[in-house]
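Notes follow the structure.
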Amino acid sequence: MFSKTKTLFIVIPIFLLFFFPAKVEARSFSIDAVDVNAYIYPDGDLYVEELYTYTFAGKFNGTTRIIGDDDFDGVEFFEGYQVPDDAEMGKITPENVTPLQVEREDYTYKVHRPYKDETKKVFYRYRLKNVANKYEDVGEFYWRFFDEMGDNDLNHLRIFVHLYGENQLSENTHGFIHDLTGGKMELTESGLYYHNEKLPGGEPFELRLLFPSEFLSEMEYTENKEMLPTMLAEEDHYKKKLSMRNDWLPISEKVSLVFFILFLVLSLYAIIFPKRLVRFFGRSADFSEIEKLDSFILVALKRKLKFMPEDINAVLFRLHQKGYVSVEHIPSSLEYQEDEYAPDHTFTFILEKESSDLSEHEKYFIDWLFTETQDGKRVFSLDQIPLSTIGTETQNWRNKEQRGREIRDFEKQFKEWKKLASKDPELHRWIEPVKLRKIFKYGIIPVWLIWTVINLIMGMGDRLEVYLGMGGIAIVYLFIAFGKHDRVLSTILFFILLVVIFAAGLDPGMEYLQATAFPLILISAFLPTVSSTYYGAAYYRGMKKWIKGLRKNQLQLPTDEARLETCFQHAIALEQGSLFESYYGEKIHATTTGELYPFLIAPVETAQIYSYHHIAFQSTYSSSYSSSSGGGSSGSSGGSGGGGGAGAF
């Protein structure tokens, strides 16, 4: 049977390697032996004596004992003593002990005594009130001396539970153990004896002693009814389930090991991710190559196919750059000008060619936005876009409901176009969804979660915890599969599972399954949803450098007016229009050939038009912008009480 240390051995070194620098521990201690004598009293109290052997490396101020508060009525007293180095349990007398200062903080008792680079023993004794349960036909002691409250391994642990004053147990006495760490239990003539060569820190175990209720003569009934058949049936069920779990464990370990190795390989691939390396370290397209691309390709690279409503401008520029539409600089509509903040002029786009050879999303785009005029022309004007601004809300308050319907319809049509555009084969020459990410999302994650659920069911965890764990896993996966930001959610999910997966019901011996959560974190965090292709990587780098050069006023603009207008359109599409005009406006000479270069007629006004639209788009369709961005227990009738741990400070 594997200990929890195995999980730490597998996971923590890798975790530290990636996220934390090396750290040397200045001091440490070990608990080399623990001897416990516990006495159940006729009034239901529990009197306990404990002898610990510590080895300290470094300087410490004392030792600690944690006592939980489950299912008893409080601690009557707790005392700590210094004892000789050769002290043995059962031979400690008041004459050879020295009382130590004890300080309580919540569940922790701090026993003060300085230690430095030595091996010493410390002795505790305490009494807990109303620990036992009394029923009509049985007395019950159901207890955890140590559980997840303690972090430190306990070596050579021995516990002897006695019925106080009884030298020999009745024939109607039954003893049971719930332990997945290798501990053993014997029911001797005088009591229940438990021993474990190493109890891993944080691992719970339970001892259950059933004895005649007549022994608890000074105690009132917990419940005045027969409970022995129920308790024996619980223990029989536990025994059968433990047998199934032990048969399942070797299968679980082998399959989980295969998962772990597979996920580790995939995590290394996700971290390295060759296309990312090419994008970071490969060649960068020069500015002249960037200027030859159409504006929509640049936006697709920048957005990583997660388009936003204002990106319709980039599609319009693309159609203009390819000669499918002409553009006119015209006065805005009267309704548009009712908004005092709106520009006086706008741009109208006129379809000049058949759209049969365009891509599916471009055809949809034209059918969606362009309307036919009386002379048979199909046109679209920027002032037709339903926008909600301070001015429109103030001036057109009577038409607020109608405008709301128009905005909702625009958003609906935009989402349909967005789906088509993100699947455009031509764009996928430059940037494309990562197929492995899709396999990870819809294949690897659900398979792993199903495997985890199977192990939860086959484990010894509390049924309620198992069901809660299964429900939580199902809900989170629904968010991952159908919600937004699945990359962030899946990373958070695997991080949580890495930390608390045992709390969901997984047993010791399933460490490889727990360890698989770590490479899954890396895969989820590093494997991109969308990536530039090997061909597009150079243009992605070039686009980033072009924007950087623009912001630093370092672009060498072409003198040719057609190329100059394309640069202006690129800047607008990449949300840099105002900056472009500010830096390079003086170099853009107003032209009288507006039919040929409409965006250069009034560069300042062109920048203002698109700046207004940029702000209005973000205000009106904010939802689109916000969503786009790059240890077991038995499950008995009552449950065990107690709990705790031991340590030093």
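Could you calculate, for the range 214-356, the ratio of the Cα radius of gyration to the Kirkwood radius, expressed as Rg to Rh?
On the way: Rg = 36.0 Å, Rh = 24.4 Å.
So for the range 214-356, dividing Rg by the Kirkwood Rh gives 1.48.
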For the chain, give the percent of accessible area contributed by carbon and sulfur heavy atoms, probe 1.4 Å, rounded to a whole number. 55 percent
Rounded to the nearest whole Å², what accessible area per residue is found for the range 252-357 with the 1.4 Å probe? 45 Å²
Let me know the charge dipole size of the chain about its Cα centre in debye, to the nearest 20, where only the beta-carbon of Lys, Arg (+1) and Asp, Glu (-1) is charged. 3160 debye
State the answer as a single residue: which of 321, 350, 364 lies farthest towards the positive end of the charge dipole of the range 308-364, with beta carbon charges of +1 for Lys and Arg and -1 for Asp and Glu, about the Cα centre. 321
What is the P(r) of the chain, as percent of Cα-Cα pairs per 20 Å bin from 0? 15, 33, 22, 20, 10, 1
Cross-link partners among lysines for residue 545, C-alpha distance below 20 Å, same-chain residues fewer than 8 apart left out? 275, 292, 302, 304
Ordering 225, 241 by accessible area with a probe of 1.4 Å, largest first, what comes out? 225, 241
Under 16 Å from the residue 223 label point (7 Å along Cα→beta-carbon), backbone N, the range 129-145: 132-142
Need the list of lysines near residue 121 for cross-linking: C-alpha distance under 30 angstrom, and skip anything on the same chain fewer than eight residues off. 4, 6, 23, 59, 91, 110, 129, 184, 198
Per-selection metrics, the range 145-254 (Cα): Rg and Dmax in Å: 16.3, 53
Under the 7 Å Cα-to-Cβ spin-label approximation, residue 400 and residue 413 lie apart by a distance in nanometres of 2.5 nm
Expected vector for the range 124-141, Karplus 3J(HN,Hα) from phi with 6.51, -1.76, 1.60 and θ = phi - 60°, integer Hz, x for Gly and Pro, equals 10, 9, 7, 10, 10, 8, 6, 7, 6, 10, 10, 10, 4, 10, 6, x, 10, 10
Any residue on another chain or 5+ positions along whose placed amide H is under 5 Å from the amide H of residue 352 is listed here as 325, 326
Using a Förster distance of 60 angstrom, determine the FRET efficiency expected from the C-beta separation of residue 548 and residue 158, and round it to 0.05. 0.30
Could you give the distance between the Cα centres of the range 434-487 and the range 24-74, to the whole Å? 39 Å
Loop-only trypsin sites (Lys or Arg not before Pro) in the range 29-138, please: DSSP not H, G, I, E or B, and at most 12 other Cβ atoms within 10 Å. 91
How long are the semi-axes of the equivalent ellipsoid of the range 299-457, taking √(5λ) for every eigenvalue λ of the Cα gyration tensor, in whole Å from largest down? 39, 23, 13
For the range 152-205: accessible area per residue (Å², 1.4 Å): 47 Å²
Karplus 3J(HN,Hα) series, Hz, for the range 293-306 with 6.51 cos²θ - 1.76 cosθ + 1.60 (x for Gly, Pro): 6, 7, 4, 5, 4, 4, 5, 4, 5, 5, 7, 6, 6, 9
Computed ³J(HN,Hα) along the range 372-382: with the Karplus parameters 6.51/-1.76/1.60, θ = phi - 60°, integer Hz and x for glycine or proline, the list is 8, 8, 5, 8, x, 7, 9, 10, 8, 10, 4
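The values are calculated or read from the model by the stated rules, or taken from the named source; none is laboratory data. Predicted, not measured: the structure shown is a model, and the values here were computed from it. No Cβ is skipped: glycine too gets one built from the backbone with ideal geometry, and neighbour counts run over all protein chains shown. Accessible surface areas use protein heavy atoms only, side chains included; no ligands, DNA or RNA. Shrake-Rupley method; radii C 1.70, N 1.55, O 1.52, S 1.80 Å.
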